[in-house]
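Just below is one structure, and these are the notes that go with it.
The values are calculated or read from the model by the stated rules, or taken from the named source; none is laboratory data. Every value quoted in this text rests on a predicted model; they were computed, and no experiment measured them. Because the Cβ atoms are built from the backbone with ideal geometry, glycine has one as well, and the counts that use them run over all protein chains shown. Surface areas here come from the heavy atoms of the whole protein model, side chains and all, with no ligands, DNA or RNA. Shrake-Rupley method; radii C 1.70, N 1.55, O 1.52, S 1.80 Å.
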Amino acid sequence: MEKEQKNLKFILLASPRTGSNLLNSNLNQYSKILMHGEVFNPAFIGLHKNYHQILNVKRTEIQKRDKAPLQFMNKLYADNTYQAIGFHIFPGHSKKVLMNVLKDKSIKKVGLRRSLIPSYISLCEAIQTDVWLIGKHGKPNEEKIKRKRKVIFDEKKFLAYKHNLDQFWKTITKTLK
């Protein structure tokens with residue numbers, strides 16, 4: 001009797017403006033890898049392509065996901081048509097899911113970090129312009145962008161951002177020891 005091969009489960013531990021969406025799209029070019037986005041974002045459910053239909057949940061139906069977040073996560077990993085399945089976790093996403101995946105030795109962890117100042121400036125620009133993704137050819141959609149050349153640096157917001165990231169990575173490091 002042939003043993004059923006299970007897929008590799010992984011998690012991308014990152015924060016906004018680190019290149020996680022670029023990594024996501026690059027991984028999804030391979031037919032045996034399925035990389036979801038920010039599945040546990042408090043504002044939306046970032047599933048890959050037709051997975052909102054497959055899992056019968058709309059992008060905005062966060063209450064469905066949040067009723068049983070660990071069961072929702074297990075549904076993501078249950079698709080045996082892929083050799084590897086993953087999704088993003090950012091600071092501020094489900095603490096319950098984060099702690100579960102950090103403690104689960106069967107889930108591989110990938111950390112993605114970027115220098116603090118460039119990621120903060122990029123985040124400020126994205127908030128200011130409402131352009132969160134760059135187009136296929138490395139240029140933002142010109143109809144969508146209302147780019148302002150200067151970013152307002154707010155020291156209190158920056159320090160809060162830094163504190164939040166520091167706590168996120170400390171939690172990860174402490175839990176993985």
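When TYR30, TYR82 are compared by accessible surface with a 1.4 Å probe, the order from highest to lowest is TYR30, TYR82. Starting from the Cα gyration tensor of region 67-116, take the square roots of the eigenvalues, sort them a ≥ b ≥ c, and report rounded, prolate or oblate (rounded when a/c is under 1.5, otherwise prolate if a/b is larger than b/c, else oblate). Oblate, because a/c is 1.5 or more while a/b does not exceed b/c.
Here the Gaussian network model covers the chain, with springs between Cα atoms less than 10 Å apart; of PRO118, PRO91, PRO16, PRO118 fluctuates the most. Accessible surface of the chain, 1.4 Å probe: 53 percent of it comes from carbon and sulfur atoms. Listed by chain and number, the lysines placed with their C-alpha closer than 23 angstrom to that of LYS150 are LYS139, LYS162; residues fewer than eight positions away on the same chain are left out. The charge dipole of region 17-67, taken about the Cα centre with unit charges on the Cβ atoms of Lys, Arg (+1) and Asp, Glu (-1), comes to about 80 debye, rounded to the nearest 20.
Shape class for region 21-136: rounded, because the ratio a/c of the largest to smallest gyration tensor axis (alpha-carbon atoms, square roots of eigenvalues) is under 1.5. For the chain, the longest piece that avoids every one of the GluC sites (Glu not before Pro) found in DSSP loops with at most 14 other C-beta atoms within 10 Å covers 62-141.
Normalising the average separation of contacting C-alpha pairs (under 8 angstrom, six or more residues apart) by the number of residues puts the relative contact order of the chain at 29 percent.
The listed residues ASP166, ASP66 rank as ASP66, ASP166 when sorted by accessible area, largest first, using a 1.4 Å probe. Charged neighbours of ALA78, selected by a Cβ distance under 12 Å, balance to +2 (K, R count +1; D, E count -1).
When the residues ILE172, ILE127 are ordered by accessible surface, computed with a 1.4 Å probe over the protein chains alone, the sequence from largest down reads ILE127, ILE172.
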